[in-house]
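The values are calculated or read from the model by the stated rules, or taken from the named source; none is laboratory data. Source: prediction; values computed, not measured. Glycine gets a Cβ as well: all are built from the backbone with ideal geometry, and neighbour counts include every protein chain shown. Side chains included, ligands, DNA and RNA excluded: accessible areas come from the protein's heavy atoms. Shrake-Rupley method; radii C 1.70, N 1.55, O 1.52, S 1.80 Å.
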Amino acid sequence: MDSRAREGTRTLNADAPWDAFDSHAYIDHNYRDLLDVDAEIIALVRDHFSDHFRENFERPVLGIDVGAGANLYPALSMLPWCEKITLLERSSSNVGYLRGQRRHFDADWDSFWKVLCADPAYQAIDTDRRARFHQAVRVRQGDLFDLGRRGLLGLRSHQGRWSIGTMFFVAESMSSSHEEFRRGVECFMRSLAPGAPFAAAFMEGSTGYDVGDHHFPACDVNDLQVFESLEPFAGKVDIYRLRKPSALVRPGHTGMILARGHRNSD
């Protein structure tokens, strides 16, 4: 039985119109101005990564943001420590946006960076943050599930390669299938080296979302399902449920979930 038969009428990742994703409409709705919920998420991620590298700093540090979309703040959160940051993205329109931002990212992102600069590690690179971003970031077009296969980025294996990682609003926002959600989380986690700090964010209770003229699928997950998907690969996971009115950025979801932790050694 193929995956479509098992999933019934659900929309799978392969079925969604990713190349028609309107990056600029998405930014206008979500990131043109810093929202309170994003400031809260950024602060939690900032503190997690900074705490880790204050005690554990071995070069080179290779970072990955899985399903980067049109969101730069996960990559910015890794910038102080990374020699290279891979932005992995499936949508060709988002890939174009990311490549355009690499040399000199828009001023809209400065308010997000300002939240990060509450920590000295970010403040230390404040004046040359754009040059550091341009030097470190590599945009690569590819599917999240490619992380479970050989060949992406010309590598023989991706498992355990990256020493810090983020995945924001991806595994639950690419398909209505819980099976694909769990597999997406696993692919992300297996790409990280043992001990690597990670941060992953999820829309809670999402029923799908519109970007421009197109509808995209989502998988309805809660904090327990997020924890259960991560726990086999991370051991201790800190889960934060963000359900203030500012966390409701569009119709069709009940809040946001942030998970922080470290990759275990299986």
- Query: Which one of these does Ala107 not meet: (1) open to solvent by 10 Å² or more (accessible area, probe 1.4 Å); (2) in contact with a Pro (Cβ under 8 Å, 6 or more places away or on another chain)?
  - Reply: (2)
- Taking region 116-144 and keeping residues in a helix (DSSP H, G or I) and touching an Asp or Glu at 6+ places or on another chain (Cβ under 8 Å) leaves Ala136
- Query: Which of (1) within 16 Å of Ser77 (Cα to Cα); (2) hydrophobic (A, V, I, L, M, F, W, C); (3) assigned to a helix (DSSP H, G or I) is the odd one out, the single condition Leu147 does not satisfy?
  - Reply: (1)
- Task: Would you check if Phe57 is touching a residue at least 24 places away in the same chain (Cβ under 8 Å), over 19 Å from the mean Cα position of the chain (by Cα) and assigned to a helix (DSSP H, G or I)?
- Result: no
- Item | Qualifying positions in region 166-201 - of a type in the set (Lys, Arg) and either within 11 Å of Ser229 (Cα to Cα) or buried (at least 21 other Cβ atoms within 10 Å of the Cβ) (or both) | Arg182, Arg183
- Give the residue, chosen from Val66, Val45, Val37, that is modelled with pLDDT under 95, open to solvent by less than 10 Å² (accessible area, probe 1.4 Å) and touching a helix residue (DSSP H, G or I) at 6+ places or on another chain (Cβ under 8 Å). Val37
- Scan region 200-217 for residues that are small (Gly, Ala, Ser) and not in a strand (DSSP E or B) and report the count. 4
- Task: For region 218-259, name all the residues that are assigned to a loop (DSSP other than H, G, I, E, B) and modelled with pLDDT of 95 or more.
- Result: Ala218, Cys219, Asp220, Val221, Asn222
